[in-house]
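Below is one structure, written out as structure tokens; the observations come after it.
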Amino acid sequence: MEFGEPVKSADGSYIVKVTGDVKFQVTNTTLGDTTSVTSSDAKTIKDIEESILLKAEEVSESWFGQVVSPGRLRRSFNSSIEDSVFDCIMSKSVTYWNSKKELVTSEDVGTNVDCIVELVGVRISKKIFEPLFRIIQVKEHRQVQKPSYMFKDEPEDEDII
């Protein structure tokens with residue numbers, strides 16, 4: 001994971017672009033206003049966020065215009081996960097897949113999905129900084145339904161001896 005130099009954006013914040021292949025899968029989640037994550041997915045995200053914090057400590061003068069203490073950096077960091085809800089955006093060029101690995105439209109995919117997410121950068125504003133994650137692929141998540149027992153059994157006769 002490589003970090004570029006901060007570039008001022010239209011809203012006045014700065015964006016540090018991340019290069020390298022920082023993609024991971026979020027499994028069995030729901031898409032909507034929020035994206036939920038499992039504990040194993042949350043650990044992956046937290047590990048990436050920890051790498052960002054370590055890099056921020058290393059280059060704080062370049063990113064923030066001054067040397068910033070590790071404690072202050074951690075207090076200023078806005079994590080993408082809160083209460084198992086993952087804050088990320090949908091890519092403009094997101095692709096959707098069904099369980100047969102066929103390309104489909106967003107309307108063809110249900111709400112229970114797997115996603116490929118990538119880290120695209122770090123946003124730095126006056127008081128906080130935060131990772132920028134975006135969803136680049138979505139696949140419907142098929143849960144295999146086990147067949148249920150449908151026989152109507154007769155009550156067993158008790159053997160009388």
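Laboratory data are not the source of any read-out in this text; all were calculated from the coordinates shown. Quick caveat: nothing in here was measured; it's all calculated off a predicted structure. Cβ atoms come from the backbone with ideal geometry, glycine included; neighbour counts cover every protein chain shown.
Summary of computed values
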| quantity | calculated |
| --- | --- |
| Highest-fluctuation residue, ILE45, ILE128, ILE136 considered, GNM on the chain with Cα pairs under 10 Å | ILE128 |
| Options SER69, THR29, GLY110, ranked by Cα towards positive dipole end of the chain, top entry (Cβ charges) | SER69 |
| CD proxy at 222 nm, helix term only [per DSSP H run n ≥ 4: -39500 (n - 2.57); per residue of the chain; nearest 500] | -6000 deg cm²/dmol |
| Inverse of mean 1/r across different Cα pairs in the range 2-140, Kirkwood, Å | 16.0 |
| Gaussian network model of the chain, Cα within-10 Å springs - most flexible of SER39, SER91, SER76 | SER39 |
